[in-house]
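Every number here is computed from the coordinates shown, using simple stated rules; none is lab data. None of the values given here were measured: they were computed from a predicted structure. Cβ sites come from the backbone with ideal geometry, for glycine too, and all protein chains shown count toward neighbours.
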Amino acid sequence: MAADGPQNLRIGALYPDLLNIYADRGNLMVLARRCRWRGLECEITDVGLGEPLDPGRFDLLYLGGGQDADQRRCGEELAGEKGAALREASAAGKVILAVCGGYQLLGSSYVLDGESVAGARVLDLHTVREDGPRLIGNVAIEVDLPGAGGPRVLAGFENHGGRTVLGADQEPLGRVLRGYGNDGRSGFEGARTGNTIGTYLHGPLLPGNSWFADWLISTALGGLALAPLDDALEEEAHRAAQVAAGLTPGR
Ligand code: GLN
């Protein structure tokens, strides 16, 4: 087993069997590969239903997207001790990345069919399933993350029935350039508080946005400077995701 330490990225994957649509687990593979290609260790530990979450054991926590029914089962737990552990991790500056269904579960509630699925209350937001169509398609957003060297684009794919409304003081993750984002109206996509990030972007997200994978790794390791990699293929994937969303990226 790898020794604990700043060169060892410890990832906790929450509910990997329930929250993993659109191959969201691929995000974990990207994080692990990009660490290992640089000689950094990366351990991924699954934390499923009924398993306690010790926030001190991890540098980065991950939740993928999910179906409504599976979200219900996770929400029951996240409303209790596991949600408290997530809030503790967030307050301690750990990186948390949550995609779509996982993002919705970081809020206070997801209301659908007259029922309210509770969330972890890590981010100040709530989600409502409206009568309108699902919000589906390629999406591109502009984000301005601390230490990322200025505004950058994230591109991916969204498919959600829920509309997410941010609390008055909740920062979005970014601004919609193409697609729907949180609710198709506000112009906001995702939410961010410190190093806790929720987004609707699948793809999976990280293979097409490797710069963001590196931001997550570096931030989770306390701002560690990462050696550059040969990213020719990853840059092509990033370009293709932007083009699919209707942008014309520069070379
Ligand atoms: N079940 C949620 C919704 O439809 C999230 C879907 C997802 O993770 N893609 O809004």
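With a Förster radius of 30 Å applied to the C-beta separation of Asn159 and Ala225, the computed FRET efficiency comes to 0.25.
Can you tell me the FRET efficiency between Leu49 and Ala23 if r is taken as the Cβ-Cβ distance and R0 is 22 Å, rounded to the nearest 0.05? So, using R0 = 22 Å, E works out to roughly 0.60.
Once the chain from Asp169 to Trp37 is taken as fully extended at 0.36 nm per residue, the excess over their C-alpha distance is 43.6 nm.
Here the Karplus curve 6.51 cos²θ - 1.76 cosθ + 1.60, taken at θ = phi - 60°, turns the phi angles of the stretch 169-176 into couplings of 9, 7, 6, x, 6, x, 10, 6 Hz, with x standing for Gly and Pro. Among the trypsin sites (Lys or Arg not before Pro) in the stretch 1-105, those placed in a DSSP loop whose Cβ has at most 16 other Cβ atoms within 10 Å are Arg38. A simple charge model with +1 on the Cβ of Lys and Arg, -1 on the Cβ of Asp and Glu and nothing else charged puts the dipole of the chain at about 440 debye relative to its Cα centre. Each Lys or Arg adds one and each Asp or Glu subtracts one; over the other residues with Cβ under 10 Å from the Cβ of Val139, this totals -1. Cβ distances below 4.7 Å define possible disulfide partners, and in the chain the cysteines left without one are Cys74, Cys100.
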